[in-house]
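Here's the structure we're looking at; comments come further down.
The values are calculated or read from the model by the stated rules, or taken from the named source; none is laboratory data. Being a predicted model, the structure only gives us computed values, none of them experimental. So basically every Cβ, Gly included, is an ideal-geometry build from the backbone, and we count neighbours across all protein chains shown. What goes into the accessible areas is simple: the full protein's heavy atoms, side chains included, and nothing from ligands, DNA or RNA. Shrake-Rupley method; radii C 1.70, N 1.55, O 1.52, S 1.80 Å.
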Amino acid sequence: MGATLGEALAVAAAATPERVLLVDGDVQLDAATLYRQSLALAGALRQRFPAGSTVSFMLPNWHEAAVIYLGAGLAGMVVNPVLPSLREHELSFVLADAGSVAIFIPGDFRGHDYPGMLDRVAAQLPDPPEVVVVRGDGHTAYQDLLTAAAATAAPAADPSAASMTLYTSGTTGRPKGVLHSQNSLAALLAQIGEHWEVDPGDAFLVPSPIAHIGGSIYAFEAPLLLGSTAILMDRWDADEAVALIDARQCTHMAGATPFLVGLLAAARRAGTRLPSLKVFICGGASVPPSLIREATDYFAGARVSRVYGSTEVPVTTVGSTDPDGAADTDGRPGIAEIRLVDGEIRARGPQMLLGYRHADDNADAFDADGFFRTGDLGRWENGHVVVTGRAKDLIIRNGENISPKEIEDILIAAPGIAEIAIVGIPDARTGERACAVIVPDGAAATPDVAALAAILDGLGVARFKFPERVEIRDRLPRNDAGKILKHQIRAQLIAAEPTKGCACR
């Protein structure tokens, strides 16, 4: 890249100071304002913490997150976006593992008391971070930081050094910190600009969480590297999304299957075919081919396509310009190289992660040629990739990765459970739903869905990880080595519900 995103912001502020970069409800941030606020926050961060420190933020899609993202970069620090849906169980691990010196949180969002939660988390940590409250009271006030110090940036950083850490669910049950640099993200944005028809002046509707790689690049990177505007949504409402696309002439949107399902239904209700929309990219979960065809037929001129990628190698495929390829495959490679080795998809490219935060996590993640081992299974079809299954034990629900082992390790100690296996069942709306298959211990009442939810909620586990279904078995199928055969369990459950809208492929 040759320069950091902060330097790109400085150039934009000087060249086009009034160009609107982000829209958050009634708030519009132009380049000059965003640079001024980011520089002020950078000064406050440098006054408090050394360069290279990790700064976390646990915010909805609010414009303040862009100031934090860019301010941390200008201060020479590593930014760590955290999902607002996480709770004490996950958050305490992430903050300790990342070594966060500060975390920015909402005062209240969707009725959850974030300052109270951080009080409880801080009590568990030997070196708790400074807590900064955005749009609320308590701890350090965000607005005070914008006026607390001289507005200064750190010396120019190395664009190839780690600049962002994102945590993803690991198959071991322990989340892994994925490291990206300004260069890896710049390569990703260059690819998106080329293959997704992004022109200066285009607008991305961004309802996907900014703590995901997708939401973060559309909200923070694309406005500066592609000349677009980000229209933020902090809560998904399909009818509001349709209104925003038409009112703001949004040209691009990306999201998991539920976003496309909801948008299509809402557009029909509103009697609009969303004529401004050029591209809808659908990924992050299982995508029914019929949904891609239906949306393509209905929207006035949008290219709707499936894509494949991960936090580690974002946008591994860029979709397809062919209608059949867009619906029936997961797209063709962009700048990433893809290999299939014994059916496993492996990828490498300039947009890939630098590595994991902990070196031991890298040991089995890459092959001898530097290809990332995705753990997904696939095949080639006319130069396109078709994802056929998953070797990794992960459930992907509404675009969120869930580690079954993490939840199994918690619930195995619960009363009434002798054995438990959690598997993903295809779902046409959410991609997958989590099913807990339980062998009762006979000593206590066998827990149902509500009982499991109460146990997990009491331990501060994020709600999106809760099992949505419970099945009781006398035993779990195992191989000769004693390993539970989850593929057999999953196949049995799918076969038992052939008419429930399975999104199998």
With every protein chain kept in place and a 1.4 Å probe, the chain has an accessible area per residue in Å² of 39
Expressed in angstrom, Rg and Dmax over the Cα atoms of region 23-80 are 11.4, 35
If the convex hull of the alpha-carbon atoms of region 353-505 is projected onto planes in all directions, what is the mean projected area in square nanometres? 12.2
Counting only C-alpha contacts under 8 Å and six or more residues apart, can you give the relative contact order of region 247-350 as a whole percent? 20
To one decimal place, what orientation-averaged projected area in nm² is obtained for the convex hull of the Cα set of region 259-333? 4.7
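With Cβ to Cβ distances under 14 Å as the rule, what net charge do the other residues near GLY215 carry (K, R +1; D, E -1)?
Summing Lys/Arg as +1 and Asp/Glu as -1 gives -3.
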Give, as a single signed number, the net charge of other residues whose beta carbon lies under 12 Å from the beta carbon of VAL437, with Lys and Arg counted +1 and Asp and Glu -1. +1
Can you list the aspartates and glutamates whose alpha carbon is less than 15 Å from that of LYS405, not counting same-chain residues fewer than 8 positions off? GLU90, ASP393, GLU419
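Using every Cα-Cα pair within region 302-381, state what percent have a distance larger than 21 Å.
The proportion of pairs with Cα distances above 21 Å equals 29 percent.
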D_trans [Stokes-Einstein, Kirkwood Rh over alpha-carbon pairs] for region 125-244, 25 °C, 0.890 mPa s, µm² s⁻¹: 141
Run the helix sum for the chain: -39,500 (n - 2.57) per DSSP H stretch of 4+ residues, divided by residue count, reported at 222 nm to the nearest 500 deg cm²/dmol. -9000 deg cm²/dmol
Work out how far the C-alpha atoms of region 361-405 reach from end to end along every principal axis, then list the three figures in whole Å, largest first. 33, 27, 14
Ignoring ligands and nucleic acids, SER320 exposes an accessible area, probe 1.4 Å, in Å² to the nearest 10, of 0
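Determine the order of LEU244, LEU189 by accessible area, beginning with the largest, at a probe radius of 1.4 Å.
Ranked list, largest accessible area first: LEU244, LEU189.
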Keeping the other protein chains in place, figure out the carbon and sulfur percent of the accessible area of the chain, with a 1.4 Å probe. 51
What is the diffusion coefficient of region 13-148 in µm²/s, taking the Kirkwood radius over Cα pairs and the Stokes-Einstein relation at 4 °C with a viscosity of 1.567 mPa s? 85
The chain - percent relative contact order, Cα under 8 Å, separation 6 or more: 12
Computed from the mean reciprocal separation of all distinct C-alpha pairs, what Kirkwood hydrodynamic radius does the chain have, in Å? 23.5
So how much slack lies between ARG120 and ASP199, counting 0.36 nm per residue of separation and subtracting their Cα-Cα distance, in nm? 23.8 nm
Most to least packed among 346-354, 124-132 [average Cβ atoms within 10 Å]: 346-354, 124-132
Region 364-453 pair-distance distribution - Cα-Cα, 10 Å bins, rounded %: 14, 36, 28, 15, 6, 1
